[in-house]
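Worksheet for the structure shown next.
The values are calculated or read from the model by the stated rules, or taken from the named source; none is laboratory data. What you are looking at is a predicted structure, and each value in this text was computed from that prediction instead of being measured. Quick reminder, even Gly has a Cβ in these numbers, built from the backbone with ideal geometry, and neighbours come from all protein chains shown.
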Amino acid sequence: MIEGGCFCGAIRYQIDDGQYLTANCHCTMCRKTSAAPFVTWLVVPTGSFHYSKGKPEVLNSSDTGTRYFCSRCGTPVACVNSAHPDNIDITTGSLDAPEDYAPTVAVFEDTKLPWLSVTEIEESPA
């Protein structure tokens, strides 16, 4: 079982073990809602995910996207997008073991901040 939750512990979730796509998203909405240069998401089938504690707050961030966050501490936890309604995107930063889920793709690179000159998914030199 993969587990995670928000900073203050009010929201907890579980994900069935499995191999999931991990993507760095450079869209402007991810940047604004996370206050970060990009967000890394674990893309999970909705049937493999459930909240085990608490209920997140809902933000309809666009006509196609709904984001979920903790109303107590503000941690962004999840996003559902109509482009792939059978999946829920989980912020890897909210995972208990984010180090286990290295990003494998980057999306919306057309809006990537120009000072991110080296792609963040390249392998680091040993």
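Overview of results
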{"item": "So R31, is it modelled with pLDDT of 95 or more and among the basic types (K, R)", "result": "no"}
{"item": "Region 27-44, residues that are over 13 Å from G93 (Cβ atoms), of a type in the set (A, V, I, L, M) and not in a strand (DSSP E or B)", "result": "M29"}
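Matching residues to (1) closer than 12 Å to V105 by Cα; (2) touching a helix residue (DSSP H, G or I) at 6+ places or on another chain (Cβ under 8 Å):
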site	(1), (2)
I15	no, yes
T22	yes, yes
C25	yes, no
H50	no, no
